[in-house]
Amino acid sequence: MLNIGNKQTRVDGPQKVTGKATYTADIAAPFYHAYVLQSTIACGSITAIDTTAAEAFEGVKAIFTHLNLPERLKNKVDYTDPLAPPGKPFRPFYNNTILYNGQPIALVVAESFEQARYASKLIKVTYEEKKFKGSLAENLKNASADRAPEPAKNRGDFTKAFKNSDYTIIREYRQSRNYHNPMEPHATSVEYNSDGNIVVYDKIQGVASSLKYLKGVFGLGADSVRVKSDFVGGAFGSGLRPQYQLFMATLAALELKHNVQMVMTRAQMFSFGYRPEVIHTMKLGCSKDGTLTALSHKTVGETSTFEDFNETIVDWSGLLYKCDNVNLEYELTPVQSYTPLDMRAPGGVSGVYALECAIDELAHEAGIDPLEFRRKNYVDYDQNENKPFTSKELKACYARCEEVFNWNNRKSLAKTDPHLLLGYGMATGSWEALQQPASVALSMNEMGTFTIKCATADIGTGTYTVMSQIAADKLGVSLDKIKFKLGDTAFPDSPIEGGSWTVSSVGSAVAAICEKFQYRIFDVWKRNNPEYQAVAFEAISFQDAKLKYGSKTFAFTEIMQQASKDELSIAHSEAPADGQDTHSGYAHCCVMVEVTVDKELGIIKVPRLVNVSAAGKIINPKTAENQLLGSMIWGLGMALREEGMVDSRYGRVMNANFAEYHIAVNADIHDIHTEFVEEHDDKVNPLGAKGVGELGIVGLAAAISNAIFDATGKRLRKLPMLLDDVLEV
Amino acid sequence: MKPFQYTRLSTQDLASGTTLRDSTILAGGTNLIDLMKYGVEKPDRLADIGKLPYAQIEESDEGLLLGALVTNADTAYHSAVKKTYPLLHKAILSAASAQLRNRATNGGNLLQRTRCYYFYDTAMPCNKREPGSGCAAINGFNRIHAILGTSASCIATHPSDMCVALAALEAEVHVLRKGATLVIPFDQLHRLPGDHPEKDHNLEPGDLITHIQLPTEGFSDHFEYLKIRDRESYAFALISVAACLKVSEGKIEDIRVALGGVAHKPWKLKKVEKEMIGKVASTDNFQFFAERLIQGAQSFGTNDFKILLVKRAIVRALNSALNPS
Ligand SMILES: Cc1cc2nc3c(=O)[nH]c(=O)nc-3n(C[C@H](O)[C@H](O)[C@H](O)COP(=O)(O)OP(=O)(O)OC[C@H]3O[C@@H](n4cnc5c(N)ncnc54)[C@H](O)[C@@H]3O)c2cc1C
Ligand code: SF4
């Protein structure tokens, strides 16, 4: 049976559920433990820092601050990482300047975590505070397009078309700041070897990023440091850039010549990147028959004072619907905080939220069903880039979603509770289908087991499983004959796991190397069996770990007994085919939701969520469905729950814990359904597969917002939407 | 957390009475240990009461006696609680998560501390944590804060759900003080912040809660616990209402309403309840009652919505109590 397309259970599932999967914090070695003390002001400088009491505390081995940072880390040191935005990356302990509230200002290293944490509380810090403005709203004056990358080109004449439109809307939408909360907190474990070399276990979405950072900052040579990351307990973008615990644990290990581990607390998980707060201004116009005639999308987003973090937000408005007159603007404004960070479907989530709310508002103005309106303005080429799509089965998603959800009969559903208002909403979602260059290595042992290595990551997405499935099918062996290994800088290069491109990039490389190895087997077989000299490659097949020729079969293990040692291992690098830039690759989805709103109490519930996606070939429907469900649930959280509460007087996050930063919980999720439509794509990559890690969160918040309007007649135009927002309907 | 001495108390230790006065009592630890990790609580000595003989629920003519060490989960699922005090059952199960309820004790639930964001963050001014340092919540985030009985020094709420039900039921708290048992009406256990927000309650250092006495009347025919929160489970109440009614021929014979999430203690006014006796059990009268109960409410910005919401919640809860579905 073929593995590709099979609902394969995760190959690493048993390890995970029995606790045998070793996450970074599980690495067992005699470690010193590091704990970071964070600033309690947002702006100013440290005038004095007294570590005497902390140093004297039992078990404390060392304390690092800006006062004793090794000189070599100050001059001509490169603190960037591969995904650093323009600006100057944060340099821990570099000087006494405070750039944000919660900034690491001292590192305590002790025998136990508890000792280090308590000793950090004995450090006395004196500050000189400076005035600052702690919120996006207060800093709007400083918003500038110069700090942001240029969006897709404007087209047509927006102003004129807007003026001539039969129906127009001008609306503002606001999203609050969201914090990453992967189940596994960020951690780094550094093993210090007797030869002075280090092995660094890091929570990261690509070990190459950590390595680049460590080389740049600590001047380490390629052979003196190795970075590993076997398991990552969720990352969603929070592991795209090395975070400060990597610096801390490595600094301490190198200085103390000892193993050091640093695991962040949940509260500390709120002391670095986040999905930025943004404000969108949407201006849309259409003609009487619902043809979208004019669209303008302007977004202002927050960034830090030291880096210009940017996302692709407004471009989505130029892409999703047919429109000839489009204006796109994007500005950034610095606030006194750490730099934002990519979070699941960065930019897309934000841009599409505003667009899909605005489209719904315009459809309503024109008196057209929101699904009909979207169909009417369907587009089958990328107007931003003026290219065809590699494939786009969004129409099929609309049709299937309409059917599964019973969209056309939605209003006839009976209301059962007199306190409840019932509403329905929908949205379109989309995400890029990208391929990056990736390299892999394959070797076969005498038992016929194949080991495939690549420096990629499995952030919970199912990389181990999916790659094993692809290899098993391509090689014609069972799944247990494949050992896929990842997360090690000793392995061939891979792009960072992000952008939903791992299946497409690493998967294509795995498929290609397996094909290459078929030729290897074929060559060895012919060499040792002269009677088959004339057999063409096309005449043979690979099945059940055997080469088949006519009615004859030859076990791989027997053939390869004749191979030289060199012949048992191969390497391969795969890059996107040259022709790929002639087409645009995107996955699409349609999401429909049902909400209830308590008329008097404002309580908003989501009894039903349906998503139908088109994402090319689905390699593993089970892990793909997991990704969709997870991202939809997060979308609900973003719509109704999550809000990083930054007290602008202090520039401090006041709900840095799971009790008060509300992520969606099981009880919030009722009927949730996802499925895929058939989508054939022979252009996007050799596998025809598009990633699905991010797709499901895009559009979801808008669908809920639109449904709340349907229920209450009130447009909330802000996230999260809380019960007090609908109280006075 | 700060290093501390740990003692596990035995019944004999109790007799001497000395250990407790300079110790902090540790029960389930779900609140205390959390606060110690944050550096909010910094006890030198912990007295673990886990092995003391207060882990039973006993039925008697006077009602039901809940041991202070019975877990919230065991209390909620006890057959007598389910049958006679379904309000308490519902209130407890609306709180926290299954794991927490399995660990949390009844005594600890009563004395759990506020969830005010600023109280939890030692970098912030807070009169409750650091008397005299100021109150950051009054002009800051106060979504989960009080609208009744506040003072210029503190606007925190008591976060318990269980206590709201106990207040409505007019339970009593048994406290061991210097070897003698003191019986405290529930209403007098917690206090309003006034000028001393550092004091959550009226107990003295060394006092040990041993039992909670539920009176015989459990209002099992007409009750409701309505909890309004920011997600469907695992969130503290923005507002909660424990409502009990006794009705005869459409008229109110008895009414008990306690509010959570609106004050430094469960909010209940006997005087206003008395005014309702003999009136028709109707939405109009419930509305009138709600207005009276929250008279003088004052909000602080992000909790402005509570004044409207609490009135609606009271009416909803009383109507549900009146007409159980
Ligand atoms: C994430 C989270 C969510 C929660 N959600 C809710 C919720 O929605 N609703 C709700 O009501 N609660 C909620 N809780 C709080 C929970 O109910 C309390 O933490 C728990 O009831 C405390 O009981 P404990 O036995 O663990 O107390 P401990 O933590 O051991 O003690 C708490 C306090 O009581 C004192 N104490 C304990 N026992 C006695 C005694 N017998 N005599 C005198 N003093 C004593 C202690 O000294 C301490 O000051 C939540 C807690 C968490 C962590
Ligand atoms: S409301 Fe009370 S607990 Fe909160 S900050 Fe003010 S004083 Fe502290």
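The values are calculated or read from the model by the stated rules, or taken from the named source; none is laboratory data. Please read these numbers as outputs of a predicted model, since none were measured by experiment. Every residue, glycine among them, receives a Cβ derived from its backbone with ideal geometry; neighbour counts consider all protein chains shown. Only protein heavy atoms, including side chains, enter the accessible area calculation; ligands, DNA and RNA are left aside. Shrake-Rupley method; radii C 1.70, N 1.55, O 1.52, S 1.80 Å.
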Quiz prompt | Cysteines, chain A, no other Cys beta-carbon under 4.7 Å | solution = A:CYS43, A:CYS286, A:CYS323, A:CYS357, A:CYS454, A:CYS514, A:CYS589
Quiz item: Where does the protein assembly as shown land on Rg(C-alpha)/(2.2 N^0.38 Å)?
Solution: 1.02
Quiz item: For chain A, what does -39500 (n - 2.57) per DSSP helix run (n ≥ 4), summed and divided by total residues, give at 222 nm, in deg cm²/dmol to the nearest 500?
Solution: -7000 deg cm²/dmol
Quiz item: Can you pick out the pairs among A:LYS203/A:LYS228; A:LYS153/A:LYS322; A:LYS453/A:LYS622 whose Cα atoms lie more than 19 Å from each other?
Solution: A:LYS453/A:LYS622
Quiz item: What residues from the stretch A:690-722 fall in the zone where the backbone N is under 19 Å from a label point 7 Å along the Cα-to-C-beta line of B:LEU308?
Solution: A:708-722
Exercise. Select from the stretch A:162-204 those chymotrypsin sites (Phe, Trp or Tyr not before Pro) which occupy a DSSP coil region and have at most 11 other Cβ atoms within 10 Å, ordered by residue number.
Key: none
Exercise. Take the Cα pairs of the stretch A:625-729, get the Kirkwood Rh, then feed it into Stokes-Einstein at 37 °C and 0.692 mPa s and tell me D in µm²/s.
Key: 203
Quiz item: Do any residues of the stretch A:638-652 lose at least 20 Å² of accessible area when the full set of protein chains is present rather than just their chain alone, and if so which, with a 1.4 Å probe?
Solution: A:ARG641, A:MET645, A:ASP647, A:ARG649, A:TYR650, A:ARG652
Exercise. Starting from the Cα gyration tensor of the stretch A:2-60, multiply each eigenvalue by 5, take the square root, and state the resulting semi-axes largest first in whole Å.
Key: 46, 20, 7
Exercise. Would you work out the relative contact order for the stretch B:169-260, in percent, from Cα pairs under 8 angstrom that are 6 or more residues apart?
Key: 22
Exercise. Starting from the Cα of A:ALA667, step 7 Å along the direction of its Cβ; do the same at A:LYS548; then give the gap between the two resulting points in nm.
Key: 5.6
Self-check item: Principal axes of chain B: Cα extent on each, largest first, Å
Solution: 59, 49, 32
Quiz item: Where does chain B land at 222 nm, in deg cm²/dmol rounded to the nearest 500, when only DSSP H runs of n ≥ 4 count, each adding -39500 (n - 2.57), divided by all residues?
Solution: -7500 deg cm²/dmol
Quiz item: Over the stretch A:436-575, one equal point on each Cα, no solvent: what is log10 I(q)/I(0) by the Debye formula at q = 0.11, 0.12, 0.16, 0.18 Å⁻¹?
Solution: -0.40, -0.47, -0.78, -0.95
Quiz prompt | Calculated over the stretch A:532-646: convex hull of Cα atoms, volume per residue (Å³) | solution = 281
Exercise. Give the cross-link partners of B:LYS83 among the aspartates and glutamates, using a straight C-alpha distance below 15 Å as the criterion and excluding same-chain residues fewer than 8 apart.
Key: B:GLU58, B:GLU59, B:ASP74, B:GLU217, B:ASP221, B:GLU224
Quiz prompt | Separation of the A:THR80 and A:ASP417 label points, Cα + 7 Å toward Cβ, nm | solution = 5.5
Quiz item: Which three extents, in whole angstrom, do the alpha-carbon atoms of the stretch A:268-393 cover along their principal axes, largest first?
Solution: 51, 33, 24
Quiz item: Considering the stretch B:223-322, what Rg and Dmax in Å follow from its alpha-carbon atoms?
Solution: 13.3, 43
Quiz item: Taking only the alpha carbons of the stretch B:280-325, what extent do you get along each of the three principal axes, in Å, biggest first?
Solution: 35, 20, 11
Practice problem: Could you work out the mean count of beta carbons from other protein chains within 10 Å of each residue's beta carbon in A:36-46? | Solution: 1
Self-check item: Two-site FRET efficiency, A:LEU2 against A:SER144, from Cβ-Cβ distance with R₀ of 41 Å, rounded to 0.05
Solution: 0.15
Quiz item: So for the stretch B:161-306, Kirkwood radius off the Cα pairs, Stokes-Einstein at 20 °C and 1.002 mPa s: how many µm² s⁻¹?
Solution: 128
Quiz item: How much FRET efficiency would the formula 1/(1 + (r/R0)^6) give for A:THR582 and A:GLU128, where r is the Cβ-Cβ distance and R0 is 60 Å, rounded to 0.05?
Solution: 0.55
Quiz item: Mind checking which aspartates and glutamates have their C-alpha under 13 Å from A:LYS481, skipping anything on the same chain fewer than 8 residues away?
Solution: A:GLU446, A:ASP473, A:ASP544
Self-check item: Per-bin percent of Cα-Cα distances, the stretch A:93-204 [10 Å]
Solution: 8, 18, 27, 20, 14, 8, 5, 0
Quiz prompt | Projected-area average for the stretch A:318-466 over all orientations - Cα convex hull basis, square nanometres | solution = 16.9
Self-check item: Out-of-range pairs (alpha-carbon distance over 31 Å; input A:LYS714/B:LYS274; B:LYS199/B:LYS306; A:LYS16/A:LYS565)
Solution: A:LYS714/B:LYS274; A:LYS16/A:LYS565
Exercise. Return the average number of partner chain Cβ atoms within 10 angstrom of each residue Cβ along peptide A:114-120.
Key: 2
Exercise. Work out the mean other chain Cβ neighbour count within 10 Å for the residues of B:113-122 and drop it here as an integer.
Key: 4
Quiz item: Ordering B:CYS135, A:CYS357 by how much accessible area each has at a 1.4 Å probe, largest first, what is the list?
Solution: B:CYS135, A:CYS357
Self-check item: Efficiency of FRET from Cβ geometry, A:MET447 and B:SER325, R₀ 60 Å, rounded to 0.05
Solution: 0.40
Quiz item: So how exposed is B:LEU20, as accessible area in Å² (1.4 Å probe, rounded to 10)?
Solution: 10
Quiz item: Too long at a 21 Å Cα-Cα cut-off: which of A:LYS395/A:LYS690; A:LYS516/A:LYS546; A:LYS376/A:LYS683; B:LYS51/B:LYS178; A:LYS74/A:LYS124; A:LYS411/A:LYS599?
Solution: A:LYS376/A:LYS683; A:LYS74/A:LYS124
Exercise. Any chance you could get the radius of gyration and Dmax over the Cα atoms of the stretch A:50-105, in Å?
Key: 14.1, 43
Quiz item: Under 5 Å between amide H atoms, partner at least 5 residues away or on a different chain: which partners does A:ALA62 have, H built in plane at 1.01 Å?
Solution: A:VAL109
Quiz item: With the dipole of the protein assembly as shown worked out from charges on the C-beta (+1 for Lys and Arg, -1 for Asp and Glu) around the Cα centre, which of A:LEU99, A:TYR519, A:CYS589 lies farthest toward the positive end?
Solution: A:LEU99
Quiz item: Under 16 Å from the 7 Å Cα→Cβ point of B:ALA180, by amide nitrogen: which residues of the stretch B:5-37?
Solution: B:17
Exercise. Quantify, in whole percent, the carbon and sulfur part of the accessible surface of chain A (1.4 Å probe; protein heavy atoms only).
Key: 48
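At most 11 other Cβ atoms within 10 Å and a DSSP loop assignment: could you name the trypsin sites (Lys or Arg not before Pro) in the stretch A:53-82 that fit?
Of the trypsin sites (Lys or Arg not before Pro), the ones in loops of the stretch A:53-82 whose Cβ has at most 11 other Cβ atoms within 10 Å are A:LYS76.
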Quiz item: Which helices count as membrane-span-like in chain B under these terms: full DSSP H, at least 18 Å along the axis by C-alpha, Kyte-Doolittle mean of -0.5 or more?
Solution: B:305-322
Exercise. Can you pull out the buried accessible area for chains A and B, both sides counted, probe 1.4 Å, rounded to the nearest 100 Å²?
Key: 3300
